[in-house]
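Asker: My questions will all concern the structure given below.
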Amino acid sequence: MDCIECGKDSKYKCPICRQPYCSVACCKLHKKTPCSLPPQPQIDNKEESPMTDDFPTEDTVPSEKLKQLEQSTELRNCLKNPHVRKILEILDSSAHPDLLISEYMQEPIFTEFVDACLNVVQDNRNDG
């Protein structure tokens, strides 16, 4: 897809509106104008639709790994903490979670949650 700012080939996307951009400069330019979440597609009452990513990057986590998060005891234990759940609610409802995340990464309880997620999705960890 083409960059929404300059029209060049893009390899990134806005974490909020999911529009493509090609560079840090175009990202900064895009952030000058507030954006919003794209409309959610209608989901049939059939089985859940598979997770797809129109703009995969080297950091894209395969859907199989994301499903493994549900099974993580370490992650479930982190989510028992009401403070962690409150942070996640704030991030989820924020128009600019990217700005808040660096603040929350200073809180040990939240970094413990992040580490639990990374332990599941990173390939360099032994399964078992």
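Asker: Expressed in whole Å with the largest first, what are the equivalent ellipsoid semi-axes of segment 63-128 derived from the C-alpha gyration tensor as the square root of 5 times each eigenvalue?
Answerer: Semi-axes from the Cα gyration tensor: 22, 13, 12 Å.
Asker: Residue-wise, which Karplus ³J(HN,Hα) couplings in Hz belong to segment 55-71, taking 6.51 cos²θ - 1.76 cosθ + 1.60, θ = phi - 60°, and x for glycine or proline?
Answerer: Each residue's phi maps through the Karplus curve to give 10, x, 10, 5, 9, 5, 9, x, 4, 4, 5, 4, 5, 5, 4, 4, 8 Hz.
Asker: How charged is the neighbourhood of His30? Take every other residue with its Cβ under 11 Å from the Cβ of His30, and add Lys/Arg as +1 and Asp/Glu as -1.
Answerer: Surrounding charge for His30 is +3.
Asker: Could you run the Karplus curve 6.51 cos²θ - 1.76 cosθ + 1.60 with θ = phi - 60° over segment 83-95 and give me ³J(HN,Hα) per residue in whole Hz, x for Gly and Pro?
Answerer: 5, 4, 4, 5, 4, 5, 5, 4, 4, 5, 8, 6, 6
Asker: For segment 63-121, with the dipole built from +1 on Lys and Arg beta-carbon atoms and -1 on Asp and Glu ones, taken about the Cα centre, which of Ser93, Phe113, Asn77 lies farthest toward the positive end?
Answerer: Result: Asn77.
Asker: Report, ordered by chain and residue number, the lysines lying within cross-link reach of Lys8, taken as a straight Cα distance under 28 Å and ignoring same-chain residues fewer than 8 apart.
Answerer: Excluding near neighbours in sequence, the set is Lys28, Lys31, Lys32.
Asker: Further question: Any lysines with Cα under 30 Å of the Lys80 Cα? List them, leaving off those in the same chain fewer than 8 positions away.
Answerer: Lys65, Lys67
Asker: Here's something else I'd like to know. Around Tyr12, which amide H atoms from residues at least 5 apart in sequence, or from another chain, sit under 5 Å from its own amide H, with H modelled in the peptide plane?
Answerer: Tyr21
Just so you know, all these numbers are worked out from the coordinates, no wet-lab data involved. Small disclaimer: the values here were computed from a predicted structure and weren't measured. Counting neighbours? That spans all protein chains shown, and the Cβs are built from the backbone with ideal geometry, glycine included.
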